[in-house]
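Working notes, structure below.
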Ligand code: G3P
């Protein structure tokens, strides 16, 4: 109906003075679903100015009161799970049930964060000078954790709500102000989520949500001198941001090519179930999705047969109908996935199913006998297409894992726990899962990537700590 969703600044919902909007295309219908404000640089300045002021007061609010407000958000988010989930269905084609799960998981995360915050932020340390050579017991050092200032949060389209609150809640409990730049696909879900913070009654300007074109406000935001920390999840844009950002702490998660190493003694039914869950849930659009299977030759045919039988049972269609496989986020993304499949096909890959695509909807596809010269062996399709490489030795699998530009997670399947530990030790990734598919959650676990997969470590506790700085006060005794 032409309505343009307002952005959130200084505790109010506003229309941008640009008079322009950004269209959000529904991946399923490929028609405009929503419109959001195309904010200007001037409006970014305003948001950051008020964030700076609000933060100073917020840092003085007792920790238990900050926690209380966050607990309120949890309740409000859950009360509003259906309207928020509906946006996720329309904007990013997330299957209906998963969309609701994302909102509930986000509420839980906010509450956990409040509880964790009151514990870890209350603790500091106390040191005496006499342990360092030449010193008497004449200096007492008290160390506490102080907020960084204004945190800029940039989450991706695949979890516009959950990966936003995983940045917002730690920032706020630690005494920071927060500016959210949501992804265009997912912006309306994010605005609804921010409304829950508004309803909880946070002070004006402490949290804001600015929408718009990356080309106009992207660099302006990330290079802005008023931003004291950036927490980003997404694609290669993160590499650009890290090059341009100032001397501020960065937390980044930029994708993965998670391997699944399968040994001869593995429980193949368990592996197949995890490959389906890990490789195809949300149509493979997760950084932690299984993105390449490295299976020992002797069990490869059995495993491929089991996986194929399960692929045949996956439902394909609309997110409203809660299908397993739903349209991928955009036409650009579908074209890229198709390009990777065609490259492999041309180089002689075994197509376990026929390649089928209607608009942005791509049918699940397993590619067997993938070789290292095929792009799909290394690139991240972010779609329901999974390559299988048959390996002759475990070393070959580890080499493939460590040869990737990415190093997010990986998994290994075997009944021999000693072998699993040795392989885990040799895999250069942020996390190794033994006998289960990669996953970020539970959300208090540390979550980090090596190489191009990221900077720093996430998870609730790590993020709270990352969004603070140590402050020392030294008492010099006479
Ligand atoms: O793709 C984003 C990444 O954080 C994945 O999260 O929960 O699907 O493992 P999860």
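The values are calculated or read from the model by the stated rules, or taken from the named source; none is laboratory data. Note that the structure is predicted; figures quoted are calculated from it, not measured. No Cβ is skipped: glycine too gets one built from the backbone with ideal geometry, and neighbour counts run over all protein chains shown.
Within the set 329, 316, the sole residue that is within 21 Å of residue 157 (Cβ to Cβ) and away from the ligand (no atom under 16 Å from the Cβ) turns out to be 316. Go through region 318-359 residue by residue and tally those that are free of Cβ contacts under 8 Å to residues at least 40 places away in the same chain, part of a helix (DSSP H, G or I) and touching a helix residue (DSSP H, G or I) at 6+ places or on another chain (Cβ under 6 Å). Total meeting the criteria: 1.
Residues checked against (1) within 16 Å of the ligand (Cβ to nearest atom); (2) surrounded by fewer than 24 Cβ atoms within 10 Å (Cβ to Cβ); (3) within 23 Å of residue 440 (Cα to Cα):
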residue	(1), (2), (3)
196	no, no, no
199	no, yes, no
204	no, yes, no
231	yes, no, yes
245	no, yes, no
254	yes, no, yes
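Filtered by the rule that a residue be touching a residue at least 12 places away in the same chain (Cβ under 8 Å) and farther than 20 Å from residue 96 by Cα, region 19-40 gives 20, 21, 22, 23, 35, 36, 37, 38, 39, 40.
Counted as qualifying within region 42-155 are the helices (runs of 4 or more DSSP H) with 3 or more residues that are out of contact with any helix residue (DSSP H, G or I) (no Cβ under 7 Å at 6 or more places or on another chain) and under 30 Å from residue 334 (Cα atoms), namely 81-92. Among the residues examined, residue 397 qualifies as more than 25 Å from the chain's Cα centre (by Cα), at pLDDT 95 or above and away from the ligand (no atom under 15 Å from the Cβ). Kindly establish whether residue 438 is within 14 Å of the ligand (Cβ to nearest atom) and either in contact with a strand residue (DSSP E or B) (Cβ under 6 Å, 6 or more places away or on another chain) or in a strand (DSSP E or B) (or both). Spelling it out, residue 438 is indeed within 14 Å of the ligand (Cβ to nearest atom) and either in contact with a strand residue (DSSP E or B) (Cβ under 6 Å, 6 or more places away or on another chain) or in a strand (DSSP E or B) (or both).
Among the residues of region 162-174, at least one is within 16 Å of the ligand (Cβ to nearest atom) and more than 21 Å from residue 85 (Cα to Cα). For region 277-305, the set of residues classified as buried (at least 17 other Cβ atoms within 10 Å of the Cβ), more than 12 Å from the ligand (Cβ to nearest atom) and more than 17 Å from residue 337 (Cα to Cα) consists of 293, 294, 295, 296, 299, 300, 303, 304, listed by residue number. When residue 463 is tested against (1) closer than 19 Å to residue 233 by Cβ; (2) touching a residue at least 12 places away in the same chain (Cβ under 8 Å); (3) within 11 Å of the ligand (Cβ to nearest atom), only condition (3) is not met. All of 410, 383, 397 fail the test of being under 30 Å from residue 456 (Cα atoms), in contact with a strand residue (DSSP E or B) (Cβ under 6 Å, 6 or more places away or on another chain), part of a loop (DSSP other than H, G, I, E, B) and in contact (Cβ under 8 Å) with a residue 12 or more places away in the chain, apart from 383. Could we say that residue 219 is within 14 Å of the chain's Cα centre (by Cα) and more than 12 Å from the ligand (Cβ to nearest atom) here? Here the answer is no, as residue 219 does not meet what is asked. Has region 292-312 got any residue that is within 30 Å of residue 230 (Cα to Cα) and in contact (Cβ under 8 Å) with a residue 24 or more places away in the chain? No, region 292-312 has no match at all. For region 345-352, the criterion of being surrounded by fewer than 17 Cβ atoms within 10 Å (Cβ to Cβ), under 26 Å from the mean Cα position of the chain (by Cα) and more than 30 Å from residue 465 (Cα to Cα) is met by none of the residues.
Of all the listed residues (438, 442, 446), the sole one being crowded, with 16+ Cβ neighbours inside 10 Å and at pLDDT 95 or above is 438.
Flag not set for residue 433, criterion: within 16 Å of the ligand (Cβ to nearest atom), within 22 Å of the chain's Cα centre (by Cα), over 14 Å from residue 340 (Cβ atoms) and crowded, with 24+ Cβ neighbours inside 10 Å. Selection of region 365-379 for residues being part of a loop (DSSP other than H, G, I, E, B) and surrounded by 21 or more Cβ atoms within 10 Å (Cβ to Cβ) yields 370, 374. Here's a check for you: in region 413-426, which residue that is in contact (Cβ under 8 Å) with a residue 60 or more places away in the chain and either part of a strand (DSSP E or B) or closer than 30 Å to residue 236 by Cβ (or both) is farthest from the ligand (Cβ to nearest atom)? Looking at residues that are in contact (Cβ under 8 Å) with a residue 60 or more places away in the chain and either part of a strand (DSSP E or B) or closer than 30 Å to residue 236 by Cβ (or both), I get 423.
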